[in-house]
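Below: one structure, written as structure tokens.
The values are calculated or read from the model by the stated rules, or taken from the named source; none is laboratory data. Just so you know, these numbers come straight off a predicted model, no measurement behind them. So basically every Cβ, Gly included, is an ideal-geometry build from the backbone, and we count neighbours across all protein chains shown.
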Amino acid sequence: MKNEQEAQKARLDTTRLKVEFYKEMLRHLTVEQQVWEERYRLAGEGPSDEIRKLSGETRQTLEHIRLWKNSLEDGLDKLAPLLRSQREKVASGGLSKGEEQVTRTFVAAYADREVLYRQALKGLNRAERVTERWKGDLVSLEERLSKGLGITAWLHTLSSPVQTIWNAELYVAEESAIVDHQKISRPISVTVGKVAKALLILLLGVWGAGRMKGPVERIATNWFKMDESGIKRVGRKWSFFTFIGLFTFALASVNIPWAVFAFLGGTLAIAAGFGAQNLIGSFISSVILLFDRTIQVGDVVEIDGRRGRVTSIGMLNSSVMRFDGVEMLVPNSQFLEQRVTNWTHSDKHVRYEISVGIAYQAPTQKVSDLILKVVKDDPHTMKDPAPIVFLEEFGDSALVFRVYLWLVLDTEQSNRVVLSDIRHRIKEALDEAGIVMAFPQRDVHLEAANTITVKAVGDEMDWGEEPRTGASHG
């Protein structure tokens, strides 16, 4: 009976030790968590007083861990012979049924206690390593603080005016909300720091969007088979919408309300009165051109009597490459405010004309047929609309034929070459047919009552004329 009570007591002691050990292990796990949190919080810097305090607490924790570790090792050493003796009793086989049951109770209690000791030692070893490492970090921090205290103080002194400027308020907006049928307002300040952060986000976003513009245009080319004008239009829309999205995101990221622009609207109105209206007008015109599509990249336009091809449309200006190689920068507002001829708005077909002067003796129908044949045989001439030849007028010195033909407007220079080649072939065809191209000439008729005497003496020619009556007509 006594042995049975001792066995039950050993079992209860083991259970009690489990509870105490688990509580202690939980405390050490909490210490480990605090150690990691402090290491992350300080991250190489912190007040020197706090670091010294943490260093002292860490030493105490380390001493406590080592004391408890030594106690567990002693307990494990004492437990080993007890467990061995009880196992030997069970293995001997000379026990009664009741004694064997009591002995097995001892074995189970001691075995559980041994496992508990070993688990506790394992946890304490881990806690000791973490605490030792934290102790070393604190020592390093103390050394760095002692060396860099002067530099830190100097940086702190320098950062004070910077922080003052960074936190300076530029504008205070009021944000309102309806809660339970009541209007609640709160002020939101716009500081220099917020504006700087918003600009940084916007600039980085614009840079990234610019890097993505090329792949977007390649997708438009490969997937949707767009022409050059469509690709440029997609690129401009990408730039426009990404800028609007980035601008909105930048304001939301730093909590700058849209109410600020009520103030900026008045400022912009004043600025417009001092000359910014041209810039604002050009920007608005670029947005209109983006969606109106009356002027697109690749169009041939004529502005102020100068013709060229639109090569790019920017936010303020558009680039027009003239056919003589000169590049013009045209404000976008001029496309909407001035008369602009878009030669390729609906299509790229342009009508040209060539005039030919023929002598009066030539057969007119044959001349028309020859000119029409030469024009139709040229590969650049459009078949629909077909070219046509007119006897335009009876001139002073020639019969004037005019041929009208349609060409695809590529560049002014290339079409000039085509027209020049056609003129050469018209001249050759007329020469082969024996038809004379007219040149300016004038017949002069003289009527005189008396004879005009002309006398040449030597190498000199002496013109003499007696008085006469009458008039000359020419």
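Remarks
- Y352 among the aromatic types (F, W, Y), within 17 Å of R307 (Cα to Cα), outside any loop (DSSP other than H, G, I, E, B) and in the same structural domain as F439 (by TED's automatic domain parsing): yes
- Flag for D369 being part of a helix (DSSP H, G or I) and free of Cβ contacts under 8 Å to residues at least 40 places away in the same chain: yes
- R52 vs. criteria farther than 13 Å from G123 by Cα and either of a type in the set (D, E, K, R) or at pLDDT below 65 (or both): yes
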